[in-house]
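The values are calculated or read from the model by the stated rules, or taken from the named source; none is laboratory data. No experiment lies behind these values; they were computed from the predicted model shown. With ideal geometry, Cβ positions are generated from the backbone for all residues, glycine too; neighbour counts draw on all protein chains shown. What goes into the accessible areas is simple: the full protein's heavy atoms, side chains included, and nothing from ligands, DNA or RNA. Shrake-Rupley method; radii C 1.70, N 1.55, O 1.52, S 1.80 Å.
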Amino acid sequence: MTFLGADTEALAAWSVTAERARTRLSALLTGLDAAVDSANWTGPDARAFRADYEARIRRAGAETAERLANLGRRAADEAREQDAASAVDGSSEDSGASGAPGDAGDMSSPGRTDDSGAPQPVPEQIQHDVDDPAAIARDAADVTQGGMGDCYFLASAAAVAQTNPDFIEKNVWFSDGKYHVRFYEKGFWGNTEEKVVDVDPQVAEHGARRSDGSISTMSVYETAYAQQQGGYDRIEDGGHAQDALFTITGKEPTTTDEEPSVDELRQDLKDGKVVVADTGPRDGEGGIFDSESWDDKDGPVPRDTVSTHQYVVTGVTDDGHVELQNPWGPDGGYQEGDSVKKPGTLLLTEDEYRERFQNVTVAEDPDPEH
């Protein structure tokens with residue numbers, strides 16, 4: 001029998017491997033850049049060294065990281081396209097490739113839908129809310145993920161908005177009949193550039209809402225991010241908190257699978273840092289490379305926690321419990337194929353926290369003067 005096409009599980013798993021490699025490479029380059037830039041060395045030799053480093057390492061490293069990201073996205077897209085084609089002609093069952101593991105967001109959000117849905121008008125009140133940090137923080141605490149698998153973005157946006165709502169207020173505004181959102185991108189040479197996205201006053205039918213179902217500032221922010229990324233189809237099937245946090249803040253986050261202690265988490269939050277944590281897969285959810293990709297897990301994710309999902313780390317109690325917000329909303333929800341309801345918040349001991357969460361992404365306070 002002749003096999004045509006590709007092993008979509010292998011493609012999806014490779015896309016995750018490529019992204020994790022990109023994350024490690026970016027973190028290494030960030031450390032190298034900081035060491036070179038902070039070195040107390042002046043004079044002709046120092047200038048020559050830094051010019052050589054810029055040409056041989058910094059630029060090449062940034063280009064390599066970008067190539068890894070592009071190849072990873074291409075592999076994931078190919079897997080989805082082949083699965084979709086197979087589903088249409090009936091030649092194969094759904095391989096589940098779109099549910100590849102990693103810090104790539106959940107693939108079974110509450111009310112999961114096949115597309116983003118028809119556009120819905122944004123109430124005029126939101127024009128005032130985007131100018132009100134208190135309203136932004138309220139909407140972030142109440143954000144409720146819709147039918148798209150973009151928890152990585154919603155958790156990141158909610159974390160920034162609750163930590164520093166003034167920053168979001170400065171970067172979102174309404175004028176001339178449109179919403180305007182300032183995001184950040186990497187330039188050709190790896191420099192950080194601003195990009196303002198102009199959004200008509202409408203959002204996706206199946207997008208983020210408040211817990212009561214109404215449109216919020218987070219709905220507008222999600223729509224702007226979709227537009228910045230090239231459309232809802234570019235964000236609704238998972239992504240990475242590190243990318244989302246950079247796009248939101250312009251600060252290069254750090255992702256690590258060495259979870260900080262509760263004392264370190266408490267200090268990070270006290271310092272105004274943004275912290276997002278993602279869970280690993282349950283048994284069998286990691287594709288054909290499951291054991292290799294997730295061998296540092298202590299065990300499968302417990303049933304009260306959404307697997308392969310991003311949470312906001314909102315606090316650490318005096319007695320050392322970690323508080324986490326599920327972007328599914330205060331009421332939580334059910335994961336596909338699982339009858340156990342996942343709560344909207346988790347309060348975990350340090351051991352429970354380490355058992356459930358695979359990676360932690362931390363971004364510096366985007367506006368330390370606030």
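With respect to residue 323, determine if the residue is closer than 20 Å to residue 145 by Cα and part of a strand (DSSP E or B). Answer is yes for this residue. In the stretch 206-235, the residue that is nearest to residue 151 (Cα to Cα) out of those that are in a loop (DSSP other than H, G, I, E, B) and out of contact with any helix residue (DSSP H, G or I) (no Cβ under 8 Å at 6 or more places or on another chain) is 206. Of the residues in the stretch 79-99, none is modelled with pLDDT of 75 or more, open to solvent by less than 20 Å² (accessible area, probe 1.4 Å) and over 20 Å from the mean Cα position of the chain (by Cα).
All but one of (1) part of a loop (DSSP other than H, G, I, E, B); (2) within 30 Å of residue 257 (Cβ to Cβ) hold for residue 61, so report the exception by its number. Of everything listed in (1) part of a loop (DSSP other than H, G, I, E, B); (2) within 30 Å of residue 257 (Cβ to Cβ), residue 61 misses just condition (1). When 307, 339 are checked against the criterion of being out of contact with any helix residue (DSSP H, G or I) (no Cβ under 7 Å at 6 or more places or on another chain), exposed (fewer than 14 other Cβ atoms within 10 Å of the Cβ) and at pLDDT below 90, a single residue qualifies: 339.
Does the stretch 318-329 include one or more residues that are touching a helix residue (DSSP H, G or I) at 6+ places or on another chain (Cβ under 7 Å), open to solvent by 50 Å² or more (accessible area, probe 1.4 Å) and closer than 18 Å to residue 256 by Cα?
Filtering the stretch 318-329 down to residues touching a helix residue (DSSP H, G or I) at 6+ places or on another chain (Cβ under 7 Å) leaves 320, 322, 325, 327.
Now narrow it down to the ones that are open to solvent by 50 Å² or more (accessible area, probe 1.4 Å): none.
Within the stretch 318-329, not a single residue is touching a helix residue (DSSP H, G or I) at 6+ places or on another chain (Cβ under 7 Å), open to solvent by 50 Å² or more (accessible area, probe 1.4 Å) and closer than 18 Å to residue 256 by Cα.
Looking across 196, 181, 203, one residue alone is in a strand (DSSP E or B) and open to solvent by 50 Å² or more (accessible area, probe 1.4 Å). It is 196.
Return the residues of the stretch 60-75 that are buried (at least 18 other Cβ atoms within 10 Å of the Cβ) and either within 18 Å of the chain's Cα centre (by Cα) or under 11 Å from residue 25 (Cβ atoms) (or both); say none if nothing qualifies.
In the first step, residues of the stretch 60-75 are kept if they are buried (at least 18 other Cβ atoms within 10 Å of the Cβ); the result is 61-62, 65, 68-69, 72, 75.
Result: 61, 62, 65, 68, 69, 72.
Taking the conditions (1) open to solvent by less than 10 Å² (accessible area, probe 1.4 Å); (2) part of a strand (DSSP E or B) in turn, residue 174 satisfies each one other than (1). The lone criterion from (1) surrounded by 14 or more Cβ atoms within 10 Å (Cβ to Cβ); (2) at pLDDT 70 or above left unmet by residue 35 is number (1). Considering only residues in the stretch 120-159 that are more than 16 Å from residue 203 (Cα to Cα) and in a loop (DSSP other than H, G, I, E, B), the one that is least open to solvent (accessible area, probe 1.4 Å) turns out to be 142.
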